[in-house]
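Single-structure report; data block below.
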Amino acid sequence: MGMAAPVYYTADMVRALPDDGGRYETVHGELLVTPAPRPLHQIVLERVRGAVWSYLQHHPVGMMLSAPADLSWGPDVLVQPDLFVVDIEEARSLEWARMRTLLLAVEVLSPSTARYDRFTKRRLYQEVGVARYWIVDPAARSVEVWTPEDTFPATEESRLMWHPDGAAQPLVLDLAEVFKPV
């Protein structure tokens with residue numbers, strides 16, 4: 001007995017899926033499905049979000065947004081980074097379809113997202129030129145930092161720095177604060 005051919009998902013197909021609380025994305029036709037995140041994921045994400053938000057208030061080089069989102073670079077791509085900073089002019093359009101230049105994308109790892117975040121989405125973000133991609137790993141208490149050119153990430157365990165073009169000073173995150181116990 002033969003196996004059914006896998007479905008090649010388009011962004012429009014993903015947009016048409018039911019709103020059932022799951023997060024649905026597609027990267028080059030592969031459907032990525034993730035359940036609601038664990039509380040630790042949300043706590044760490046909120047700490048990063050607060051630091052990036054505060055930084056952008058003083059250095060308005062981009063607009064910070066978060067999932068749910070509708071970012072697409074082609075008919076078979078639709079992603080929702082946990083947190084991202086988009087070019088300020090593209091953000092002013094208030095249209096997902098025009099937001100394509102990400103200065104920063106952040107994914108906080110969960111057991112169910114590790115493969116997608118480290119491989120599938122990381123390769124996509126590099127391919128489309130996302131300037132910085134942070135993979136925040138609460139279990140390892142570290143952050144992988146990727147650029148489009150990297151073959152391997154820089155792994156930060158104590159201090160994370162982001163200095164986007166146009167900003168007078170860098171954002172510096174103390175990872176002990178990001179990962180401190182609740």
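In sequence order, what are the phi-derived ³J(HN,Hα) couplings for the stretch 160-169 according to the Karplus relation 6.51 cos²θ - 1.76 cosθ + 1.60 with θ = phi - 60°, rounded to whole Hz, with x for glycine and proline?
Rounded to whole hertz, the list is 10, 10, 9, 10, x, 4, x, 8, 5, 9.
So what is the relative contact order of the chain, in percent, for Cα pairs below 8 Å that sit 6 or more residues apart? Please report the intermediate quantities before stating the final value.
Details: 322 pairs, mean separation 29.4, N = 182.
Taking the mean separation of contacting Cα pairs over the length of the chain, I get 16 percent.
Using each residue's phi in the stretch 99-107, evaluate 6.51 cos²θ - 1.76 cosθ + 1.60 at θ = phi - 60° and report the 3J(HN,Hα) Karplus result to the nearest Hz, with x for Gly and Pro.
These are the phi-based 3J(HN,Hα) values: 8, 10, 9, 9, 7, 8, 10, 10, 10 Hz.
For the chain, with all protein chains present and a 1.4 Å probe, just round the carbon and sulfur fraction of the accessible area to a whole percent. Could the numbers behind the result be given before it?
Numbers: 5430 of 9840 Å².
Exposed carbon and sulfur together represent 55 percent of the surface.
Roll a 1.4 Å probe over the protein chains and send me the accessible area per residue for the stretch 37-106 in Å². It would help to have the intermediate numbers written out before the result.
On the way: 3250 Å² over 70 residues.
Solvent-accessible surface per residue comes out at 46 Å².
Assign one of three labels to the stretch 109-182, namely rounded, prolate or oblate, based on the Cα gyration tensor with a ≥ b ≥ c the square roots of its eigenvalues; rounded applies when a/c is under 1.5, prolate when it is not and a/b is larger than b/c, and oblate otherwise. Mind dumping the intermediate values first?
Values: a/c = 2.26, a/b = 1.04, b/c = 2.17.
Because a/c hits 1.5 or more and a/b fails to exceed b/c, the stretch 109-182 counts as oblate.
With every protein chain in place, what's the accessible area of ARG23 (1.4 Å probe, Å², nearest 10)?
50
I need to check one value: relative contact order of the stretch 1-94, counting alpha carbon pairs closer than 8 Å and at least 6 residues apart, in percent.
On the way: 118 pairs, mean separation 26.3, N = 94.
Once normalised by length, the contact order is 28 percent.
Would you mind working out the magnitude of the charge dipole of the stretch 85-182 relative to its Cα centre, with +1 at each Lys and Arg C-beta and -1 at each Asp and Glu C-beta, to the nearest 20 Debye?
On the way: 12 positive and 16 negative charges, 56 e Å.
It comes to approximately 260 debye.
Heavy atoms only, probe 1.4 angstrom, no DNA, RNA or ligands counted: give me LYS121, LYS180 ranked by accessible area, highest first.
Numbers: LYS121 5, LYS180 85 Å².
Ranked list, largest accessible area first: LYS180, LYS121.
In the Gaussian network model of the chain, springs joining C-alpha atoms below 10 Å, which of ALA167, ALA131, ALA11 carries the largest mean-square fluctuation?
ALA167
In nm, what is the difference between 0.36 nm times the number of residues separating GLU127 and ALA168 and their Cα-Cα distance? Can you show the working numbers first?
Details: separation 41, 0.36 × 41 = 14.76 nm, distance 2.78 nm.
Result: 12.0 nm gained on full extension.
Per residue of the chain, what 222 nm ellipticity follows from adding -39500 (n - 2.57) for every DSSP H run with n ≥ 4, rounded to the nearest 500?
On the way: 5 runs with 41 residues, N = 182.
Helices in the chain give a 222 nm mean residue ellipticity of -6000 deg cm²/dmol.
The values are calculated or read from the model by the stated rules, or taken from the named source; none is laboratory data. Please read these numbers as outputs of a predicted model, since none were measured by experiment. FYI the Cβ positions are ideal-geometry reconstructions off the backbone, even for glycines, and counts take in every protein chain you see. Remember, those area values only see protein heavy atoms, side chains included, never the ligands or the DNA or RNA. Shrake-Rupley method; radii C 1.70, N 1.55, O 1.52, S 1.80 Å.
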